[in-house]
Amino acid sequence: APSSLALTLNEPAVAQLTLLRQASAPAGAFGAGQVAWVLRARGSSGDDAATQFNQTRGTVDFADGQTMGVVAVQLVSDTLPELSAQYEVDLELVDGFGLLFAPQAVAVLSVNASDNPFGQVELGPNPAM
């Protein structure tokens, strides 16, 4: 499950979430396996994740005996004014081994507002009257 369960990001950024695999078999036996993940807007917050991140789903492969993997998602840099929003990375499927530890199968990515979402105010010369 992701060991980094909450991250705050500024555009552009790369979020790296660590997947930890724990042995429940005797003598720490593992086999090869795969974990799928999906990234989506959290609740009614934010835009579609596909407009904010370079990838919204993927898999992490574990070799026999491997205990750690990484989900890396890139927050795309753009010039669109955006309010702060929250997204989540959910572990969806475990293929080839074990079960998901449900309380730690979701990571929350909070993205700060960017590109002046409320406009810009500045002083200027008085207009001619």
Hey, could you check region 69-81 for residues that are without any contact (Cβ under 8 Å) to a residue 60 or more places away in the chain and either open to solvent by less than 70 Å² (accessible area, probe 1.4 Å) or of a type in the set (S, T, N, Q) (or both) and say which is nearest to Thr56 (Cα to Cα)?
Val73
Assigned to a strand (DSSP E or B), modelled with pLDDT under 85 and not acidic (Asp, Glu): does that describe Val70?
no
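The values are calculated or read from the model by the stated rules, or taken from the named source; none is laboratory data. As the structure is a prediction and not an experimental result, all values here were calculated from the model. Using ideal geometry, Cβ is built from the backbone for each residue, glycine included, and neighbour counts are taken over all protein chains shown. Each accessible area value is taken on the protein alone, full model and side chains, heavy atoms only, with ligands, DNA and RNA left out. Shrake-Rupley method; radii C 1.70, N 1.55, O 1.52, S 1.80 Å.
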